[in-house]
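Written out below as structure tokens is the structure these notes cover.
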Amino acid sequence: MATRSFRRRHAPRRRDHDARGQDGGRDGRRGGRRGSRAGVAPKTLERYLSRAGLCSRSEARELIAAGRVSVAGRTERSAGRWIDEEIAEVCVDGKSIRPARPLHLLLNKPKDCLTTAFDPQGRRTVYGLLESVRDWVVPVGRLDRDTTGLLLLTNDTALADAVTAPSSHLPKTYVVKSTTLLADEQLASLARGVNLDDGPTEPAKVRRLRDGDHRTFFEITITEGRNRQVRRMLEAVGSGVLELRRTAIGPLRLEGLSLGKHRRLTAGELQELRSALRAGGAKSPKRR
């Protein structure tokens, strides 16, 4: 639900003086800056991985130090090496960060699975479910650890940016099991919009599915992408979330995809997604 593919940790900026003069020289004079193509600013390796949506910069430094990153076929252990993103051949765990052909996947994410590529605590991540995928893909938005359901992953950064752009207004649909039985007025409040600490929410579509065992099951469709938005909305009306499952992103649906499994988007689904982005106001990416 966040704008970026992975959560960024706001570590203080630092300057990589040592890397510019040492390992960075492999890409050209002054750490590779002179070798970059016109109009394309080079990036340090840690920033390159972060901007690709792979991980935070601090996580990138850990990946590099662990020897899991290679540049031009050689293991690279300098986080400050300068990278020309137009020609760089960067791989993580042997998978290219910039594959030649676009790849779009739908994953039915299970519970207790992190939407990240690297977890210092060694917890399970969605990449453990993608071992058969040779190309590197990144999640488009994120689902928190306890949320299940539809997750879009791709190496098509233009499409990913369009989907997560606030201007896209692309609807995301969730099925919720609340911690309490919800009254009609509580559901109506969710539909109208509630006040959160980062401002009021936009109107949502809400439909009661059923009640049972002092719980309410309902469907909610939102057009924003705030962090933990649905969970915070339930708290705002005096309840909470026991289970949360995303069932749709725009025209993309979860039906027929078993938990923990993934599949490619069909050509028809990709076309429908692009059409939905144009209708929502986001700048539709060019076909690749």
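A few remarks follow.
- Candidate set from the stretch 271-288 (those that are over 18 Å from residue 101 (Cα atoms) and either of a type in the set (Phe, Trp, Tyr) or buried (at least 17 other Cβ atoms within 10 Å of the Cβ) (or both)); member that is modelled with the lowest pLDDT: 284
Every residue, every condition in (1) in contact with a Lys or Arg (Cβ under 8 Å, 6 or more places away or on another chain); (2) modelled with pLDDT of 90 or more, yes or no:
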| position | (1), (2) |
| --- | --- |
| 71 | yes, yes |
| 79 | yes, yes |
| 88 | yes, no |
| 96 | no, no |
| 100 | no, no |
| 107 | yes, yes |
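- Residue within the stretch 202-225 that is within 22 Å of residue 152 (Cβ to Cβ), charged (D, E, K, R), within 23 Å of the chain's Cα centre (by Cα) and modelled with pLDDT under 95 present: yes
- Scanning the stretch 235-258 turns up one or more residues that are among the polar types (S, T, N, Q), surrounded by fewer than 16 Cβ atoms within 10 Å (Cβ to Cβ) and touching a strand residue (DSSP E or B) at 6+ places or on another chain (Cβ under 9 Å).
- Filter pass, residue 132 being in contact (Cβ under 8 Å) with a residue 40 or more places away in the chain and either surrounded by 19 or more Cβ atoms within 10 Å (Cβ to Cβ) or more than 25 Å from residue 48 (Cβ to Cβ) (or both): no
- Any hit, the stretch 177-184, residues being part of a strand (DSSP E or B), touching an Asp or Glu at 6+ places or on another chain (Cβ under 8 Å) and farther than 23 Å from residue 56 by Cβ: yes
Okay, residues lined up against (1) without any contact (Cβ under 8 Å) to a residue 24 or more places away in the chain; (2) surrounded by 12 or more Cβ atoms within 10 Å (Cβ to Cβ); (3) within 22 Å of residue 163 (Cα to Cα):
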position: 183; (1), (2), (3): yes, yes, no
position: 186; (1), (2), (3): no, yes, no
position: 189; (1), (2), (3): no, yes, no
position: 194; (1), (2), (3): no, yes, no
position: 201; (1), (2), (3): no, yes, yes
position: 214; (1), (2), (3): no, no, no
position: 223; (1), (2), (3): no, yes, yes
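- Counting only strands (runs of 3 or more DSSP E) that fall entirely inside the stretch 207-288 and contain at least 1 residues that are not assigned by TED's automatic domain parsing to the domain that holds residue 111, the qualifying elements are 215-222, 241-249.
- Filter pass, residue 60 being buried (at least 18 other Cβ atoms within 10 Å of the Cβ), within 30 Å of residue 273 (Cβ to Cβ) and not assigned by TED's automatic domain parsing to the domain that holds residue 138: yes
- Residue ID - modelled with the lowest pLDDT, chosen from residues in the stretch 165-193 that are within 23 Å of residue 141 (Cβ to Cβ) and among the aliphatic types (A, V, I, L, M): 165
The values are calculated or read from the model by the stated rules, or taken from the named source; none is laboratory data. Computed from a prediction, not measured in an experiment: that's the story for all the values here. When we count neighbours, we look across all protein chains shown, and the Cβ atoms used for this are built from the backbone with ideal geometry, even at glycine.
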